[in-house]
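*Asks:* Below are the structure tokens for one structure; questions will follow.
The values are calculated or read from the model by the stated rules, or taken from the named source; none is laboratory data. What you see is a predicted model; the values in this text were computed from it and never measured. When we count neighbours, we look across all protein chains shown, and the Cβ atoms used for this are built from the backbone with ideal geometry, even at glycine. Areas reflect the complete protein model, heavy atoms only, side chains present, ligands, DNA and RNA absent. Shrake-Rupley method; radii C 1.70, N 1.55, O 1.52, S 1.80 Å.
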Amino acid sequence: QVQLVQSGGGLVQAGGSLRLSCTASGIIFSGKTMNWYRQAPGKQRELVASITSGSITNYLDSVKGRFTISRDNAKNTVYLQLNSLKPEDTATYFCHTVVTWTPYWGQGTQVTVSS
């Protein structure tokens, strides 16, 4: 059974930092591309960052230079470091992966950035 369990998030002032974590079970984590998505109220879910099994990363243009995705295969965990946060980063953040063409999502973590 595939599970993605998230932690982190919260309320922070603009310019602040947060770190999100997502621990996976039921998968061969080291072989999977892991993704972070976010969804703000009234908006579509968007891909924020990805990291491949070879640790190649990709970012949404609006977060480049501010967010960093990383992984620890020994802990089956993917991280998203959020720095220089802006009010427009306010959203629910989800980790995501695909196993045998089936998408799996974490439970979601709220990030709220006050101005």
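*Asks:* Label the chain by shape, choosing from rounded, prolate and oblate, from the square roots a ≥ b ≥ c of the eigenvalues of the Cα gyration tensor; if a/c is under 1.5 it is rounded, and otherwise prolate applies when a/b is larger than b/c, oblate when it is not.
*Replies:* Prolate is the answer for the chain, as a/c is 1.5 or above and a/b outweighs b/c.
*Asks:* Taking the Cα centre of the chain as origin, work out the dipole magnitude from +1 charges on Lys and Arg Cβ and -1 charges on Asp and Glu Cβ, in debye rounded to 20.
*Replies:* It comes to approximately 60 debye.
*Asks:* Can you work out ³J(HN,Hα) from phi for every residue in the stretch 9-21, in order, using Karplus 6.51 cos²θ - 1.76 cosθ + 1.60 and θ = phi - 60°, giving whole Hz and x for Gly and Pro?
*Replies:* x, x, 9, 9, 7, 3, x, x, 9, 9, 10, 9, 10
*Asks:* Taking a 1.4 Å probe, which of LEU47, LEU18 shows the most accessible area, and what order do the others take after it?
*Replies:* Highest to lowest solvent-accessible surface, that is LEU47, LEU18.
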